[in-house]
Every structure is written in C-alpha cells, then in structure tokens.
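The values are calculated or read from the model by the stated rules, or taken from the named source; none is laboratory data. Keep in mind the model is a prediction, meaning the values are calculated, not measured. Here the Cβ is made from the backbone with ideal geometry for all residues, glycine too, and neighbour counts use every protein chain on show. For accessibility, only protein heavy atoms count, side chains too; no ligands or nucleic acids. Shrake-Rupley method; radii C 1.70, N 1.55, O 1.52, S 1.80 Å.
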Amino acid sequence: MNELLNTIPHIDRITHRGAFSGAAPKRTETFRARSGKDNKVLPSLEEAVRAAGLRDGMTISFHHHFRGGDHVVNQVLDTLADMGFRDLTLAASSLADVHTPLIRHIQNGVVTHIETSGLRGQLAEEISRGLLECPVVFRSHGGRAAAICSGEVHINVAFLGAPSCDPYGNANGYSRDDDTSIACGSMGYARTDAKYADKVIILTNNLVRYPNAPWAIPEYDVDYIVVTDDIGDPAGIMSGATRYTKNPKELLIAQTAANVIDAAGYLYDGFSMQMGSGGASLAVARFLRQMMQKKNIRCRFALGGITGQITAMHEEGMIDRILDVQSFDLDAALSLKKNRFHHQIDATYYASFLFAAAVDQLDFVILSALEIDTDFNVNVLTGSDGVIRGAIGGHPDTAAGASLSVVVAPLTRGRIPTVIDRVNTIVTPGAVVDVVVTDQGIAVNPRRPEVAERLEQAGMRVNTIQQLKDRAEALAGRPDPIRYKDRVVGVVMYRDNTVIDVIRQIDES
C-alpha cells in the first residue's frame, strides 16, 4: 500500500495515517435512545457563556427579528453584567425602544461600543446626547453582512433567539411540529451571524424533536442551546395582517409612485420589486396589484422585508417567488411556513456588495425618507432635531441595486419641510436615487433624463428638486439650523463600508 501511495505526485503534502483503523467505536443504540444524549443543551445561560469562552473586550451579536418584542438582548446583557463582564462590543443587526435597559449597561461599563443598523427610543436619545464615549458605527444590512463575512466585524459569541430549536441546534423562526405563540418568520439577519461567529448560543422557548426541519440555522453552525421561558412578547414581535392606510396624503403618494413605475417602463410581465412596510409603501403594492390585474402580468419575485400584502399576492398567483430576509407580520410568517416558493434568505444573499446579491436583480424599489436634499441625498437615520430616530436598513443597498429607486415622502411633516438644502445625515447618496415622489409633486434625478422623458410623455408633470424644496419652504417655512457639538456620536457607513457621514452630539445648551 505504501509503495502505491508513494507513486502519487505530491503525496508528501497529504496527511495520511495508513488504512482505516476503525478506532472510533460504532454506535448501535436506536435513534430514540441516543437522541437525548450528547446534545448541545446546557442548563443555564451562565454555563453557555462560560463554555463559549467569552472574555472582556470581545464582540457579541444579536438579531432584531423580534423587533419591539425582543427580550433576548436585555436578558443576555443582564446576565453578562451579573457575571462581571466589561468592555464588550454589541454588534446587533438593529436596536429598538425595548432596549432602553442598555443605557445602564453602557453607564456601568459592560458595553463600550455598538455596531448596528439602527437605534430608536430612549437609548437613541441618550446616545445622541453623548452617552457613549466611542461613536456608534451604523451599517446597512448589506454592509453589515459584508463586514462580518470579510472579518471587519469579528463576532466572538452570537446570542440568537429562535422560536424553535432541536437539541442539536437546528433553529427556525417558526415550528412545524409545535405551534407556540412566539414566531418571527424569517431569520435572515441571524443566519450570517451564525455562520461566521466563533461561538453561537441559541436561546429558545420551544425545544422540539430532532430534526427541526426546515431550519434557518443548521446544527453545524450552533455550539450551545439554552432553553428559557421568555424570548419575546408576541404583541411586539408580530401583529395581525398589516392594514392598508386610509391617509389621503399617503394614498396620493402611493398612486403617483405606482404611475411612475408604470410610465418609466418597469411594470412588465416578469418584473421584480421590493417595498417597505410603511403606509405609503404598502399602498403602492395595492395600486400595483390593480395595474397587474388590468395588464394580466405577474411579478417574478418580491424581495426584502415581507408583509401579508405581498404574501396575499403570492397566494393569488400574482407573485411567483418571495425572497424573505425579514417577516414583518404574522401573515408573512405563516406564509413562510406553508408556501413552498416563499423562501427565507440571509443578509449576505440579500444585499452584500461582496457577492452577487438579490438587490442587484431588482427592477424597482419603493423607499421612504425622513429628509431628501436638493442633491437627492436621503436621510432615514436622524430626525429634524438631529436626534437618532431610525435605521439604515437596506435603504442604500436596494437604492444602488435596483434599476429604478423611488423615494416616497410627504413634502412636509407638520411644519417641517421634508425636501431641504442638505439632509442632516446622508444615508443613501443622491447618485443612486432616481425619483422622489411627494404629495405635492415629483422630481427626477438629472442623472436619469430618460425617466423624466417617459414620465412627461405619459402626461406626468416633472418638477426639479429645487422646485419641490421651494414649495416645501413656502408651506412650512425655512427651518432653523440644528446646533451640534464637535463630538461625534455616530459614524455612518455606506454599503461598501466606507464612511459616508458622521452624526454629531446635539447641542442643547
């Protein structure tokens, strides 16, 4: 045998130990007998943390599929504080109002840095006022996935809540075996963390029999499992079917946006689309549905955060495929469970610039905005007072990837203009924004003269962005400039993980 092996070129570079020795004993007990042995379930979160080897100064991560109902982040940070950990980096896919308790963990030194897509609520208010010494790094969903894949963001331990998990780590956002009141649908943002983190701890309230198929996260990406009574509040995780807006202003914006898509030539048999969960965006889908029925055409795929309205169109045969990175309501989660062509995808597949991503196959995307400026730059992160109030999400990823990016917003909110000279915070650069639709008119980016020409040929009036800004100021006045201190509290990354803007501490003196 050795003489034969020695004739193989470069055999000296191959590690071999001779013929198979059968050193590992063959297991003979039944599946039932062994299914409760040698699994990954540990009796407590503390034991899982110790087993994972977490140390001061490391990076921990979480997903935000539980949204306002999340109890995992606070539960884990309380435990880590009790265990005496300090100087941790918190790399969550997004943080919400429910995470206000993080304030005390920042104050007591448990968390000293945050990387995320968004911040809301009291936590965001305090960080805007200088709570953290180190600026928060804000990334888009695609940028975060790329940073994790490349190692720019290195996760030491990922703590991932899962509505179902078997004893060996196959985890999902719902269960086919045992329905519970907890469900989050797609776990798209958690999947990238699970793949690249050094250690992965699943927290679940629903331990099911092996195999928990289908799974969002496979067992080979999971190290430890902790069973806990509470991973989230169903009222905050899921609501009933998302309802259509009745706001006349939002309906007008939605109807106009749908007309723009049609006139621009992107509503054809086999098109692709993405839209958000806001009132105007949902209403766009409503008007598109009517147009599709009239034209007798179908959508090839709908992408992104998915609502019940999209899944209803899928079940009606109007959308062939759904690529779901986050389920926004209970109808979407149930559709993922029952419809074979409703697929959950991870953040890398969705929007990472490092690889060919699904956003690059979009015909059009409908996006919201807090502010738009005369260079078509868009802000979805800070409010008109300079306080952090939102999330980057997939905004710049989809705007860059889609053939037509349409930003919808009212021209004014209360007495605050939406179209201004310069946005407070650039999140999506004007170079990738094509059309702005407001209740008082539309504007087309000069980079897309062919779109403006098609809209005008369809009888639509096209304004300049300067005209929309002037109209907004005529209605609401010119806002006073926000006062900032020199200190930077946030760094905003574009989807390629280069710095596009900074957020400074607001000056309330």
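Rounded to the nearest 0.05, the FRET efficiency derived from the C-beta distance between Glu133 and Thr464 at R0 = 60 Å is 0.85.
How far, in degrees from 0 to 90, does helix 248-264 lean away from the longest principal axis of the Cα atoms of the chain, to the nearest 10? The angle comes out at about 80 degrees.
Were the residues from Arg86 through Asn108 laid out at 0.36 nm apart, the gain over their Cα-Cα distance would be 7.1 nm. Classify the range 136-252 as rounded, prolate or oblate, taking a ≥ b ≥ c as the square roots of the eigenvalues of its Cα gyration tensor: rounded when a/c is under 1.5, otherwise prolate if a/b is larger than b/c and oblate if not. Judged from the Cα gyration tensor, the range 136-252 comes out oblate (a/c at least 1.5, b/c at or above a/b).
When nucleic acids and ligands are ignored and a 1.4 Å probe is applied, Met83 ends up with an accessible area of around 60 Å².
Hey, with R₀ at 35 Å, roughly what FRET efficiency would Ala235 and Ala51 work out to, going by the Cβ-Cβ distance, to 0.05? After rounding to 0.05, the efficiency reads 0.60. Modelled this way, with points 7 Å down the Cα-to-C-beta line, the labels at Asp320 and Ser509 are 6.2 nm from one another.
Report the gain in length on full extension from Arg298 to Leu354: 0.36 nm times residue separation, minus Cα-Cα distance, nm rounded to one decimal.
Contour length minus the Cα-Cα distance gives 17.1 nm.
The residues of the chain expose, per residue, 43 Å² of accessible area to a 1.4 Å probe.
Computed extension gain for Tyr484 through Gln290, at 0.36 nm per residue and net of the alpha carbon distance, reaches 65.1 nm. Cross-link candidates for Lys249: which aspartates and glutamates have Cα within less than 12 Å, leaving aside residues fewer than 8 places away along the same chain? Lys249 reaches Asp439. Once the Cα atoms are used to define both axes, helix 279-295 deviates from the longest principal axis of the chain by about 80 degrees. For the chain, the share of accessible area belonging to carbon and sulfur comes to 48 percent (1.4 Å probe, ligands and nucleic acids excluded). From the square roots a ≥ b ≥ c of the eigenvalues of the alpha-carbon gyration tensor of the range 287-352, which class results: rounded (a/c under 1.5), prolate (a/b over b/c), or oblate? Prolate is the answer for the range 287-352, as a/c is 1.5 or above and a/b outweighs b/c.
Loop exposure criterion: GluC sites (Glu not before Pro), DSSP state outside H, G, I, E and B, at most 12 other Cβ atoms within 10 Å. Applied to the chain, the longest stretch between such sites is 317-507. When the alpha carbon coordinates of the chain are projected onto the principal axes, the ranges are 82, 60, 54 Å, largest first.
Principal axis analysis of the Cα atoms in the range 1-147 yields extents of 74, 43, 28 Å, listed in decreasing size.
Filter the cross-link list Lys40/Lys195; Lys37/Lys337; Lys40/Lys199 down to pairs whose alpha-carbon distance in this structure exceeds 20 Å. Walk me through the intermediate numbers first.
Numbers: Lys40/Lys195 17 Å; Lys37/Lys337 29 Å; Lys40/Lys199 12 Å.
The answer is Lys37/Lys337.
At a Förster radius of 30 Å, what calculated FRET efficiency corresponds to the Cβ-Cβ distance of Lys338 and Tyr220, to the nearest 0.05?
That pair, Lys338 with Tyr220, gives E of 0.65.
Since only Thr348, Ala332, Cys299 are under comparison, the one whose Cα sits farthest along the positive direction of the charge dipole of the chain, derived from C-beta charges on Lys, Arg, Asp and Glu, is Cys299. When the surface is traced with a 1.4 Å probe over the full set of protein chains, Phe341 keeps roughly 70 Å² accessible. Rounded, prolate or oblate for the range 443-499? Axes are the square roots of the Cα gyration tensor eigenvalues, ordered a ≥ b ≥ c, and the cut-off for rounded is a/c under 1.5. Verdict is oblate for the range 443-499.
For the chain, the relative contact order is 15 percent, taking Cα pairs closer than 8 Å that sit 6 or more residues apart in sequence and dividing their mean separation by the residue count.
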